[in-house]
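What follows is a short report on a single structure.
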Amino acid sequence: MAKKFILMGIIAALIILTFPTVALAGTVVTNYVTTTITGPQTVAVGEPFSINIIFETPLDGGLYANAFPTLTAPPALDLTAVTFTSTGTSLQWPENNYTISDVAVFDEFGTTNLYSNWGFLAYNPTMLLGDTITWNYSGFVALKPGDYTFTLAISGQFWNLVTGVVFIDPSNPVIVTHTVTAVPTLGVAVSLSPTSIIVNPGEVAAYTISVQNEGALTDTYNLSVDYADFDGLYLAYPTRIQPTWVSLGSTSVTLAPGETIQIPLTITPPEDWAGMENAIYGFTVTAVSQTDPLVKASASASLTLQATKRSMVEYIDLELEELYAKVDASTINPGIKANLLSTIDKAITTKEQALEFIISGNEKKANNKLFVTSKTLVSFIDTVTDLSGIEIPVEIATEFIQEAQTMIDHLQIAIVTPL
């Protein structure tokens with residue numbers, strides 16, 4: 001800093017004037033020397049944040065602080081982990097540039113001195129002709145909600161080669177403030193127990209949803225259930241859980257900080273569920289904060305529906321209906337179409353009879369009707385095969401035959417499946 005102090009004589013010769021201090025938001029300009037304090041407007045309780053301070057001198061002026069500038073932190077802040085980094089940048093004497101870092105030390109009033117490597121005699125900092133010093137204080141933590149106002153105080157000689165010197169007495173320093181608002185943290189956790197259940201159609205799957213308020217504020221959470229679509233992964237229908245199967249104990253809950261509540265969730269698939277094989281249905285429960293919809297949490301679980309003799313026949317019923325619709329929508333000869341539809345109708349009738357015997361518990365009669373249904377579909381295939389490429393286009397005939405054969409295969413599985 002030796003090169004700087006040749007200017008001291010010039011400054012001493014300047015007339016000390018009273019120059020107005022211009023206050024901006026977080027900024028004070030005193031005789032063209034700018035002092036700024038910045039930081040976040042809002043922080044969450046318990047989350048660390050930083051405060052930044054900048055001193056800037058004009059190209060034709062400077063600052064001789066006759067006492068260390070101070071930063072005073074408001075009460076109810078945790079100051080134990082606060083550190084600082086100070087950087088000095090000189091346009092005229094870059095060899096004097098510096099960066100220092102250390103642990104910040106606050107007195108019982110929450111005040112710390114703003115130290116700098118630029119000092120001369122009793123003045124610290126000493127800044128000239130475009131010098132800039134920054135301080136970054138990080139690690140402040142608000143312990144409770146509220147407004148926290150930081151106060152920056154500076155005094156000394158604020159001089160300018162044109163306007164003279166403004167002396168600010170330490171007893172009445174320039175004050176710059178910045179207020180940070182700490183808001184309660186919001187948080188929610190959701191879990192599901194158990195995460196998987198296996199049931200037969202018509203049985204009840206009982207889950208427990210646990211919702212915990214992990215925030216610092218009493219909050220209300222909206223609960224919803226979303227159902228994943230397995231999209232043809234299994235030979236089953238429907239391909240997702242239906243809302244009519246589900247009973248949710250509550251669609252919203254209000255919890256104090258740290259409080260946990262358990263909510264029942266039951267899923268009862270209908271007895272007429274259609275499935276040739278076991279199908280796994282996934283679902284997700286989500287809790288969304290009413291205070292801030294961006295605060296949410298989810299948990300997922302699954303329900304495995306076991307295929308039964310009845311579910312297989314219910315699924316075959318859907319296949320028969322689909323085949324009937326395709327034949328009915330085809331452009332084949334109307335007389336042939338009517339004959340094929342009549343055959344499918346017979347298969348549907350014997351399938352319905354088999355279903356009635358299954359429901360009543362008569363396995364033997366049910367199997368007999370399923371066998372008749374299978375034989376009817378064999379007759380359907382024989383007819384289509386004979387007419388393929390003649391009265392029925394080969395492509396259409398192939399599709400009809402494939403679907404009928406699939407149903408025959410499914411009927412054989414249903415027949416050997418016990419009640």
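Where a number appears in this text, it was derived from the coordinates with a stated rule and is not lab data. Predicted model, so just to flag it, every value in this text is computed and none were measured. Here the Cβ is made from the backbone with ideal geometry for all residues, glycine too, and neighbour counts use every protein chain on show.
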Q. Taking all pairs of different Cα atoms in region 335-419, averaging 1/r and flipping that mean, what Kirkwood radius in angstroms comes out?
A. 13.4
Q. In vacuo Debye scattering of region 198-300, one point per C-alpha: log10 I(q)/I(0) at q = 0.17, 0.19 Å⁻¹?
A. -0.79, -0.91
**Q.** Ratio of the Cα radius of gyration of region 28-100 to 2.2 N^0.38 Å, where N counts its residues
**A.** 1.36
Q) Applying 1/(1 + (r/R0)^6) with R0 = 30 Å to the Cβ-Cβ distance of Thr291 and Glu203, what FRET efficiency is obtained, to the nearest 0.05? A) 0.15
Q. Are there GluC sites (Glu not before Pro) in region 267-357 that DSSP marks as loop and that have at most 16 other Cβ atoms within 10 Å, and which are they?
A. Glu271, Glu277
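Assuming R0 = 22 Å, can you tell me the calculated FRET efficiency for the pair Asp328 and Gln405, based on Cβ-Cβ distance, to the nearest 0.05?
0.65
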(Q) Give me a comma-separated list of calculated 3J(HN,Hα) values for region 386-393, in order, Karplus coefficients 6.51, -1.76, 1.60 applied at θ = phi - 60°, integers in Hz, x for any Gly or Pro. (A) 5, 9, 5, x, 10, 9, 10, x
Q. Kirkwood Rh, Cα Rg: Rg to Rh for the chain?
A. 1.41
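Given 0.36 nm per residue, what is the gain on full extension from Glu108 to Ser252 after removing their alpha carbon distance, in nm?
This chain segment gains 47.2 nm when fully extended.
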Q) Roughly what would the spin-label model give for Gln242 and Asn52, points 7 Å off Cα along C-beta, in nm? A) 6.0
**Q.** the chain - mean residue ellipticity at 222 nm from DSSP helices (-39,500 (n - 2.57) per run, n ≥ 4, rounded to 500)
**A.** -8500 deg cm²/dmol
Q) Gaussian network model of the chain, Cα springs within a sub-10 Å range: biggest mean-square fluctuation belongs to which of Asp131, Asp219, Asp409? A) Asp409
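Asp231 to Thr179: extension gain in nm, 0.36 nm per residue of separation minus the Cα-Cα distance?
Extending this stretch completely gives an extra 13.3 nm.
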Q: For region 97-245, just list the percent of Cα-Cα distances falling in each 10 Å bin from zero outward, please.
A: 7, 21, 18, 12, 10, 10, 10, 8, 3, 0
(Q) Once R0 is set to 30 Å, what does the formula 1/(1 + (r/R0)^6) return for the Cβ-Cβ distance between Thr85 and Ser300, expressed as a FRET efficiency to the nearest 0.05? (A) 0.10
Q. Over the alpha carbons of region 232-363, what is the largest minus smallest coordinate on each principal axis, giving the biggest first in Å?
A. 73, 39, 21
